[in-house]
Amino acid sequence: MTIDLDPSPAPPRRRRRWPWVVGWSLFGMIVIAVGILSVYTLTLANTYNDSVTKIPEGDAFPKSSVRPGPVSPKLAEAQNILLLGSDTRGEVGADLDSIRGQRSDTIMVVHVPADSSGIQVMSIMRDNWVTIPGYGEHKINAALAFGGVPLTVQTVESLIGVRIDHVAIVDFSGFTMLTNALGGVTVDNAVPFTRDRTTYAAGPITLYGPQALGFVRERYSFVDGDYQRVRNQQAFIKGVITKMLSKDTLTNPGRIANVVASISPYVTVDSGMDVGYLANLGFRLRGLRSEDITFFTSPTLGTGTSEDGQSIVLPDWDGLAQVAEAFRTDTVAQYAATH
């Protein structure tokens, strides 16, 4: 039984197929759809271009000299997109001042294999105790505060052994607008909890607005803290993707437009992640189904305490070596299926 946290009735269904939503739905936050009418397509593209904050060229990635080398030509079509969730509690500003100085509360690497057979999403727990280049050992989410997006990219690349191709940063506050624009997002809640006088029951629940924000933020209610928080974030993104790929969304131009307009002000991307890139990626993944998307978490050895008394997550370095090999050989799907 699905528990609906909003008493408002579900929106009516429409039937009609749209060519692609996948380019944005792979990070589970944003949709740009190319409609049948070119005028409508132009309107969506303009909404994206006018509202999404772009990181200037040269400000998103570290210098080439400190990055992994290029992959073999046969794997060049594989894509690795770094998705960061920043809990700034407000719209992304006109520049990077609202991002630098913040700690990234969600870190995910979205892998699109060269054969476009599916998508693998790896979560990296924010309290992983790693070496941040130039700063020594810290929690990985401190990289954003120390050196902005380039240092975060460099730190993640040191773990996965390959280059990040693109970066997308989503402010958590946008989840409120996103779920409302989609008409609610259903998740399968594994662990019941209560936050801000809202009870999140076990099993399928449909989230709206602030309830979605509470669901992805909560960690204190759980015995294993951030571990369950990461699982809930994965469940939420899976729910978003499922809703985006449903006929209710794909056949509803108004809903697609509302999603683009509502979430775009909360998104920052590198300058290369333009409409053309998303259109190409969406075309590659046009046959994608929600079951073709796999979630997993980078391997850890549990929690511990740093020398200065911080509660940290201990990386499993042997396991991460396997992860890096999977990224380098474009076999992340096989790794995810067995871990």
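The values are calculated or read from the model by the stated rules, or taken from the named source; none is laboratory data. None of these values were measured; they are calculated from a predicted model. When we count neighbours, we look across all protein chains shown, and the Cβ atoms used for this are built from the backbone with ideal geometry, even at glycine.
Values for this structure:
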| read-out | value |
| --- | --- |
| All positions within region 215-244 that are more than 16 Å from Ala190 (Cβ to Cβ) and more than 16 Å from the chain's Cα centre (by Cα) | Tyr220 |
| Residue satisfying all of: in region 86-129; in contact with a His (Cβ under 8 Å, 6 or more places away or on another chain) and either at pLDDT 95 or above or not β-branched (Val, Ile, Thr) (or both); surrounded by the most Cβ atoms within 10 Å (Cβ to Cβ) among these | Met122 |
| Enumeration of residues in region 242-272 that are among the hydroxyl-bearing types (Ser, Thr, Tyr) and either out of contact with any Gly (no Cβ under 7 Å at 6 or more places or on another chain) or at pLDDT below 80 (or both) | Thr242, Ser246, Thr249, Thr251, Ser262, Ser264, Thr268, Ser271 |
| So Arg286, is it closer than 28 Å to Ile55 by Cβ, among the charged types (D, E, K, R) and buried (at least 19 other Cβ atoms within 10 Å of the Cβ) | no |
| Any hit, region 127-145, residues being farther than 18 Å from Thr297 by Cβ, part of a strand (DSSP E or B), aliphatic (A, V, I, L, M) and more than 17 Å from the chain's Cα centre (by Cα) | yes |
| Test: residue in region 249-265 that is hydrophobic (A, V, I, L, M, F, W, C), in contact (Cβ under 8 Å) with a residue 40 or more places away in the chain and farther than 22 Å from Asn46 by Cβ | no |
| Selection status of Val223, surrounded by 23 or more Cβ atoms within 10 Å (Cβ to Cβ) and not in a helix (DSSP H, G or I) | no |
| Exclusive hit being surrounded by fewer than 19 Cβ atoms within 10 Å (Cβ to Cβ), modelled with pLDDT of 80 or more and in contact with a strand residue (DSSP E or B) (Cβ under 8 Å, 6 or more places away or on another chain), set Thr329, Thr294 | Thr294 |
| Which numbered condition Tyr200 fails, given (1) more than 18 Å from Phe296 (Cβ to Cβ); (2) surrounded by fewer than 17 Cβ atoms within 10 Å (Cβ to Cβ) | (2) |
| Filtered residues of region 130-159 (kept if touching a Ser or Thr at 6+ places or on another chain (Cβ under 8 Å), surrounded by fewer than 19 Cβ atoms within 10 Å (Cβ to Cβ) and not hydroxyl-bearing (Ser, Thr, Tyr)) | Pro133, Glu137 |
| Selection within region 174-217 - closer than 21 Å to Ile263 by Cα and assigned to a loop (DSSP other than H, G, I, E, B) | Leu182, Gly183, Gly184, Tyr208 |
| One residue from Gly319, Gly309 being on the phi > 0 side of the Ramachandran plot and out of contact with any Phe, Trp or Tyr (no Cβ under 7 Å at 6 or more places or on another chain) | Gly309 |
